[in-house]
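Report on the following structure.
Please treat every number below as a calculation from the coordinates, not as lab data. Everything numeric in this text was worked out from a predicted model, so none of it was measured. Cβ sites come from the backbone with ideal geometry, for glycine too, and all protein chains shown count toward neighbours.
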Amino acid sequence: MSPDNLASLAYLGLLGAAIAGWFLVQNRDRLGQVAQQAAVWTLIFIGAIAAAGLWSDIREDAMPRQTMIGAEGIEVPQARDGHYYLTLEVNGAPIDFVVDTGATDMVLGREDARRAGIDPEELTYLGSAVTANGTVRTARVRLDSVALGPIKDEGLSAVVTDGDLAGSLLGMGYLRLFGRIEIENGTLVLTR
């Protein structure tokens, strides 16, 4: 610790002691109540730290993700917003997709394309797609690998959009590779 840091720490310690001393003098008539309130705030602070540390576990319970069933199947619970979300490894990078049976192709947003090693700036946008937000230009790409758990495919076709896309869409271009697609009791089941 440098001398400057040590001096700053000593200053903050003295300042804190002065504030605590003033607070105790001002509230000497009701120290029991002050101690109780301090304990409540301490527990709130510890609870906030615990929630932040356990957030990934809490998120998994609140928003469950995909589960493999055997080597050739997957179950996907319906999210609170009514959609189904899958995480696939595209060219080795994990990409979150919204399952969209109304989409013809696997559609990558610009940021997800970059994560998969595709430079959207170097693509030629010759196609177009009609979306809920209007028409966007698209570029067809070939993906080296797409993996959904142990299910791996190579050389799949996809499109990258030139416009803003909040996420990526998993359309029928990929879903058709499964022999069975069913939705039952709020769970999407894909089986090869």
Span from the segment 77-141 Cα centroid across to the segment 158-192 one, whole angstrom: 10 Å
Correct option for Cα Rg over 2.2 N^0.38 Å [calculated from the coordinates] among (i) 0.97; (ii) 1.64; (iii) 1.01: (ii)
Label-point separation in nm, K152 to R30, each point 7 Å along Cα→Cβ: 6.8 nm
Among beta bridges that DSSP assigns inside the chain, antiparallel share in %, nearest 5: 90 percent
Virtual spin-label span in nm between H83 and E122, 7 Å along Cα→Cβ: 2.9 nm
Residue among G127, G21, G70 with the largest mean-square fluctuation in a Gaussian network model of the chain, springs linking Cα atoms under 10 Å: G21
